[in-house]
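Accompanying notes for the structure given below.
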Amino acid sequence: MSTFLTRRRFLIGSTLGASALMLSGCDILGQNTDVEEVLHSAEQLTMKAQRALQGRGALAREFDEKDISPSFRVNGTSAPDSDEYAQLLENKFETWRLKVDGLVERPRDFSLADLKNLPARTQITRHDCVEGWSAIGKWTGVPLANLLQVVGLKPTARYVVLHCADELEQTLDGSGRYYESIDLIDAMHPQTILAYGMNDKDLSVGHGAPLRLRVERQLGYKQAKYIMRIELVDSFAGLWGGNGGFWEDRGYEWYAGI
């Protein structure tokens, strides 16, 4: 993914028809608050229009086995560059734990075996990358809604934040660590899963082992890989740039609906 490239898509027009706007130069945008306000308004329009037209529970298209792409490019980083991840990989993620905390009633750590023992969902869907390529893959994992039911949500919880192992920039404050977020509407969607399998095999390192998000009605950069922790929050105020994601802090739109 090209660093600091901003690509913003939104719906405009009196009939809420689809169109796209691509902008580059995050520094320029950051200096122009009027432009940022217009883009934020357009993003909100995109989200509201998509949910109004498709419905909150509308499913992304699912494909057949014959449609699976013979090759599937790696999006984002190909592997986290840390000693911690290297050790987890060396022991085949036996000591890896997914921490779920924040605004939940029963904070808990889950092993990979724990997740695989929960009811699973398999879906064959298309991955659309912001760089302009697409591929179809078969994903298996636990529906995020099921996991959230296990831990229980506090009434003030509004967003699910996914903290990841890959660090794209070396920073002292942790702002270079990849993270993403979705709201509870997308978190409870039946096709939103924490995937541990791809094409009937365990996830490869390049595709996010041991666990990645699949939120099928959004673009590829929302599909967080190498998930280490899930945090329930009521706002993004305490999260680095305050925009809900690594790329969002650098100019991308938070809602990347397709």
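Which residue pairs have Cβ atoms under 6 Å apart, sit 6 or more places apart or on different chains, and have a first residue in segment 218-245 that is farther than 23 Å from A195 by Cβ and a second that is modelled with pLDDT under 95 and open to solvent by less than 30 Å² (accessible area, probe 1.4 Å)?
W240/S175
E131 - would you say it is of a type in the set (D, E) and in contact (Cβ under 8 Å) with a residue 40 or more places away in the chain?
Judged against the criteria, E131 is a match.
Take the residues of segment 159-187 that are among the hydrophobic types (A, V, I, L, M, F, W, C), in contact with a strand residue (DSSP E or B) (Cβ under 9 Å, 6 or more places away or on another chain) and over 13 Å from G102 (Cβ atoms): which is surrounded by the fewest Cβ atoms within 10 Å (Cβ to Cβ)?
L168
Of all residues being in a loop (DSSP other than H, G, I, E, B) and open to solvent by less than 90 Å² (accessible area, probe 1.4 Å) in segment 82-94, which is farthest from V160 (Cα to Cα)? Just the residue, please.
So the residue we want is N91.
Go over the candidates A135, A120, A157, A145 one by one and state the one that is touching a Leu at 6+ places or on another chain (Cβ under 8 Å) and small (G, A, S).
A157
Tell me which residues, restricted to segment 172-184, are under 14 Å from R214 (Cα atoms) and of a type in the set (A, V, I, L, M).
Answer for segment 172-184, where residues must be under 14 Å from R214 (Cα atoms) and of a type in the set (A, V, I, L, M): just I182.
Are any residues in segment 111-154 modelled with pLDDT under 95 and acidic (D, E), and if so, which ones?
Once the filter is applied, which keeps residues that are modelled with pLDDT under 95 and acidic (D, E), segment 111-154 yields only E131.
List the strands (runs of 3 or more DSSP E) that sit entirely inside segment 168-233 and contain at least 1 residues that are β-branched (V, I, T) and either modelled with pLDDT under 95 or closer than 22 Å to A145 by Cα (or both).
Where strands (runs of 3 or more DSSP E) fall fully within segment 168-233 and carry at least 1 residues being β-branched (V, I, T) and either modelled with pLDDT under 95 or closer than 22 Å to A145 by Cα (or both), they are 177-183, 193-198, 227-233.
How about segment 96-122: which of its residues are open to solvent by 40 Å² or more (accessible area, probe 1.4 Å), among the aliphatic types (A, V, I, L, M) and not in a loop (DSSP other than H, G, I, E, B)?
Across segment 96-122, the qualifying residue is only A113.
Look through T156, T140, T125 and report the one residue that is polar (S, T, N, Q), open to solvent by less than 10 Å² (accessible area, probe 1.4 Å) and touching a residue at least 40 places away in the same chain (Cβ under 8 Å).
After ruling out the rest, the residue left standing is T125.
Are any residues in segment 213-258 surrounded by fewer than 19 Cβ atoms within 10 Å (Cβ to Cβ) and aliphatic (A, V, I, L, M), and if so, which ones?
V233, A237, I258
The values are calculated or read from the model by the stated rules, or taken from the named source; none is laboratory data. None of the values given here were measured: they were computed from a predicted structure. So basically every Cβ, Gly included, is an ideal-geometry build from the backbone, and we count neighbours across all protein chains shown. Keep in mind that these areas ignore ligands, DNA and RNA; they rest on the heavy atoms of the full protein, side chains included. Shrake-Rupley method; radii C 1.70, N 1.55, O 1.52, S 1.80 Å.
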